[in-house]
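Written below as structure tokens is the structure these notes are about.
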Amino acid sequence: MSISLKIEQKTDRLASIKDRLVELKGLIEDANEELTEEQVSEVDTLSEEEAAVVKSINSLRKIEAGLAVKAAPTSMGAPAIVSHANKSDDHDVMFKGLVSQVVAHVNRQHPLETAKMLYAGDDRVEAVVKAAVAPASTDVPAWAGALTRTGYESFLEDLRGVSVFGALRATSTNLNFGNLTSLSIPRRDISGTHGTDLAGSFVGELGVIPVKSLALTSTTLNRYRMAVISAASEDALSLATPDLEALIRRNMIADTAQAIDAALLDNSAVVAGVRPAGLMNNVTATPSAGVTSADIITDIKVLLNAMTTSNLGARPVLVMNSARLLGLATITNAVGQFAFRSEISSGTLLGVPVITSSYCPAGTVFAIDAESFVSAQSAPEFKVSDQTVLTMANASGAAPTQAGAATNFTGGALGTAEQVKPRGGIIVGGDAAGAPTGASVAGYQAMSMYQQAAVAIRMQVGLSWGSMRSGTVAAISGVAW
């Protein structure tokens, strides 16, 4: 086993130890209970193991750095750039690059020096950071310019395991915005009689073969922006360095999946300049027939028949909450046999592929024609700063919030949660006429990263999705399998 893989495994173990210690701490603080003798013993064991794992990680990194120096070429005094042992695994490139920049800010180092120290021998990370930061500069610009395509694709592949969007993207048409603000995807117009525009005709001997035209139309995907800023003290980031990469990676994947799926599967209409429409927009769900095996078959037939009626369903997939899949595994037929267990173990239901996610609405099952679903995104952009001032408010439905109903929060009205209108949010500059007013911003505060020794990390990504044709989505509501 390579040293880098051992470091990765020990880092994951360190994260799980910390999670368990936080859980035990919560038992004391939230439930106001004393720990049992068994739990006290567990805390002692975990604390000792935590110290041992941290020590082991540091030792392995020293060994890895020493091997990299030993392998350095001696000619012309050139620095060593040693290929990473596990070069085929690009899942961590994006996160390692981000961690290098965060730690560089905390330690007042050049990001390239930090990358070499933390990930000695991984030339992928060094190359990305070197391209992102100009020589002799300690500023940290957006990292997207140097983000490798393979690293970004790997991040999306990670989303596939926990996100409906990630899984749909893998089975449907997916595009990259690049530097474009919108993409136009041509498609055939099958409305009215256009579905037979190119149908052949019976032609007799020496008869003139008819000429027919193909009606085309297009679907436009506008680029929308998902963005978030997170701030942490320099002390916290410094202490968390050994497992910072695993922490950022795990939480970014989980939180991104939850946010995207919530918007993807809702019934919201498109909001100009803010977000695309949810797949359930203008879709009326059919109530579930019940919980028996026969009822479940009826529900699935309703979904597939809805697509057939719309002349769709070339590549249908079923989307449901993970709890529904568990429920299906326990359904028995009239003779007491498990009706669907063997099929769902292969990832299908009545021959249709199944996508599950804990972020899918629990009581709704969707059928989506992957042939007609299209999505596009750009590479995530990261910026790290210890000089900025932030207005500390999220976009929730309670004050203080950036989700105001009007640009200057006139009247204190709240806007839609998790949506900030163009030029909206708490005013961060300007004269008194633009000062925030009303209940929407009551209680907000400003925080200086420089004055409070903190670091802010900003992530933003271009994203959009849509349907090439109407009828792409059907749904069953009130599901209790």
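The values are calculated or read from the model by the stated rules, or taken from the named source; none is laboratory data. Here the structure is a predicted model, which means the values were calculated and not measured. Every residue, glycine as well, gets a Cβ built from its backbone with ideal geometry; the counts of neighbours run over all protein chains shown.
Restricting 343, 381 to those that are within 30 Å of residue 181 (Cβ to Cβ) and among the acidic types (Asp, Glu) reduces the list to 381. Taken together, 338, 366, 382 contain a single residue that is of a type outside the set (Ser, Thr, Tyr) and closer than 14 Å to residue 317 by Cβ, which is 366. Beta carbons closer than 8 Å, at least 6 apart along the sequence or on distinct chains, pair a first residue in region 18-34 that is within 23 Å of residue 51 (Cβ to Cβ) with a second that is hydrophobic (A, V, I, L, M, F, W, C) and at pLDDT below 75 for 24/35; 27/35; 28/35.
A quick yes/no check of all residues on (1) among the acidic types (Asp, Glu); (2) under 20 Å from residue 474 (Cβ atoms); (3) part of a loop (DSSP other than H, G, I, E, B):
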site	(1), (2), (3)
303	no, yes, no
317	no, yes, no
329	no, no, no
346	no, no, yes
360	no, yes, yes
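Could you say whether any residue in region 423-433 is modelled with pLDDT of 85 or more, under 20 Å from residue 273 (Cβ atoms) and either of a type in the set (D, E, K, R) or surrounded by 17 or more Cβ atoms within 10 Å (Cβ to Cβ) (or both)? So far as region 423-433 goes, no, none of its residues is modelled with pLDDT of 85 or more, under 20 Å from residue 273 (Cβ atoms) and either of a type in the set (D, E, K, R) or surrounded by 17 or more Cβ atoms within 10 Å (Cβ to Cβ) (or both). Residue check: residue 372 meets all listed conditions (1) in contact (Cβ under 8 Å) with a residue 24 or more places away in the chain; (2) surrounded by fewer than 18 Cβ atoms within 10 Å (Cβ to Cβ); (3) polar (S, T, N, Q) but one, namely (2). Of all residues in region 133-182, those satisfying the criterion of being out of contact with any helix residue (DSSP H, G or I) (no Cβ under 8 Å at 6 or more places or on another chain), modelled with pLDDT of 75 or more and surrounded by fewer than 19 Cβ atoms within 10 Å (Cβ to Cβ) are 171, 173, 174, 175, 176, 178, 179, 180, 181, 182.
Just so you know, in region 213-244 the residues that are more than 26 Å from residue 401 (Cα to Cα) and acidic (Asp, Glu) include one that is modelled with the lowest pLDDT, and it is 243.
Being more than 30 Å from residue 189 (Cβ to Cβ) and of a type in the set (Ser, Thr, Tyr) is a property that holds for residue 322.
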